[in-house]
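Let me begin by presenting the structure, written as structure tokens, before commenting on it.
Each reported figure results from applying straightforward, stated rules to the coordinates on display, with no laboratory input. Computed from a prediction, not measured in an experiment: that's the story for all the values here. Note that we place each Cβ from the backbone using ideal geometry, even for glycine, and neighbour counts take in every protein chain shown.
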Amino acid sequence: MAELRKHRELSEILFGLVLEGEIEPTDLDGRMLTYPYNAALDDRGKGENKAALMLKYGTEAIQAATMAAKACEDGIAPEEWLHQLTRVYQDFKIVNVMRQATKKIEKSQDVDLSELKNVIDGRLDDLDVDPMSWADVKDEFDHEWLWNGWIPFGEVTILVGQQGSGKSAFSLFLADAVANGAPLPDGSYIGETKGVLVCESEGRQAENIRRARAWGIDPRNIYSPSRDLRRVMDISRPDDLALIRSHAMRPEMGLVIIDSLGGSLVEENKSSAKVVLQNLSRMAQETNTTFLVIHHLRKQQKHSRGHHQPTLDDVRGFSGITQFAPSVLAIDWEGNEMPRFLYALKMNLVEQPPTMVFTIGSLGLIWNESASDQVQRAVVQEAVNWLEDLLQGRAVPIKDVMELAKEENYEKAILKQAINFPSIRIVSDDGERCLSL
């Protein structure tokens with residue numbers, strides 16, 4: 001305990017010197033900034049209060065240390081981390097003074113209320129305590145949407161569905177729209193392309209990258225939180241949350257995808273899941289970045305008959321999980337080659353949008369296909385399968401491919417579409433243009 005108190009005293013001094021501008025935060029080991037919180041937690045002992053303090057102050061301490069340590073390296077605006085550092089430091093001072101006052105009261109000793117008042121007044125100086133008239137509040141939801149009527153800007157949207165329903169595929173489609181300006185399902189576009197941060201908690205980062213390449217998605221504005229692609233993000237851990245926050249604060253970042261919520265929760269049915277969503281909601285609003293959180297539905301009972309369209313009651317885990325998301329979307333899918341239906345389970349901001357239909361093809365998501373479009377796509381896919389069988393282990397001259405295709409009754413236009421498929425390559429063999437895999 002004595003060692004912890006030394007760390008706390010040293011950290012308080014370091015905090016003060018940084019805030020007064022006497023030393024630069026990058027001159028410090030970032031871990032020093034978290035010591036007062038560790039000491040406070042140990043002083044509290046075991047129990048619920050310790051856990052509450054860890055959630056409330058531990059995360060912000062690590063966040064402040066992370067931003068301070070990265071301020072020069074990554075060009076984070078000094079006022080951003082300084083504001084956070086100030087808030088964390090003052091909050092700790094309040095906790096520390098109140099804890100000392102509580103101990104004195106328990107021992108029937110006099111308490112210096114002026115010290116507590118000075119600390120609280122210092123914290124309030126950092127806040128805008130004037131109330132705001134509703135007449136001065138703009139109707140921001142009229143225009144602040146990532147996808148109008150579906151995904152609000154700067155908020156958490158939860159996407160749910162059964163395993164294999166296409167949740168990750170949809171998130172990749174949305175990433176392409178945000179990062180590269182690809183059209184949204186209703187034909188609209190993102191106003192300004194932004195970076196997309198994909199936080200993988202189920203160890204499928206490499207799979208998602210391969211799928212993006214197969215779909216022809218430009219990956220330059222799509223990022224992973226760490227250069228170690230094997231790193232699995234756990235949003236219940238304060239250090240991983242701090243890393244996500246540091247990226248989300250960047251002005252070029254517009255969308256953060258969490259895939260998935262369940263991958264970070266040991267026990268989804270406990271209120272800790274609600275705390276995680278509350279932290280993400282706060283982070284989205286404070287960084288002005290949209291968060292798409294992928295989550296699973298409860299497994300359907302084996303004895304149930306017929307297909308059951310998901311409702312909010314089918315969202316897996318603690319009932320408060322959807323509380324902090326103004327928009328909850330669902331993908332309904334009966335399996336096999338059936339189409340998939342995207343619709344809103346919950347929409348607090350506007351009337352619920354109409355259900356949209358999509359299928360997952362070899363080149364990505366296909367929205368609201370007509371019957372003739374579906375037939376055309378099936379014919380092209382059949383031609384692709386024929387080509388892949390023909391080219392197994394060899395390169396075939398294009399003129400020979402055209403002759404063989406004619407014998408199989410494939411139209412020239414269909415064959416051209418099949419040749420543009422990602423698995424088919426045009427190569428040169430002794431100066432002759434050939435097709436190969």
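Take every pair of alpha-carbon atoms less than 8 Å apart whose residues are at least six positions apart; their mean separation over the length of the range 382-437 yields a relative contact order of 48 percent. Placing +1 on the Cβ of every Lys and Arg and -1 on the Cβ of every Asp and Glu, with nothing else charged, gives the range 140-367 a dipole about its Cα centre of roughly 700 debye.
Site pair Leu437 and Gln309 shows an inter-label distance of 4.2 nm when each label is modelled 7 Å from Cα along Cα→Cβ. The gain in end-to-end length when the Asn420 to Arg298 segment is fully stretched comes to 39.9 nm, 0.36 nm per residue minus the alpha carbon separation. For the peptides 281-291, 147-157, 381-391, the ranking by packing is 147-157, 281-291, 381-391, with the highest mean count of neighbouring Cβ atoms within 10 Å listed first. Taking the Cβ of Asn221 as the centre, find all other residues whose Cβ is under 9 Å away and add up their charges (Lys, Arg: +1; Asp, Glu: -1). With Lys, Arg at +1 and Asp, Glu at -1, the net is 0.
Checking the a/c ratio against 1.5 first, then a/b against b/c, what shape does the Cα gyration tensor give for the range 140-367? All intermediate terms of the calculation are to be shown ahead of the outcome.
Numbers: a/c = 1.26, a/b = 1.10, b/c = 1.14.
Verdict is rounded for the range 140-367.
One decimal place: the segment Met338-Asp218 gains 40.3 nm when fully extended, by the rule 0.36 nm per residue minus the C-alpha distance. Over all other residues within a Cβ to Cβ distance under 11 Å of Ala325, the charged ones net out to 0, with Lys and Arg as +1 and Asp and Glu as -1.
Full extension of the chain between Lys107 and Val427 gives 106.6 nm of extra length, using 0.36 nm per residue less the Cα-Cα distance.
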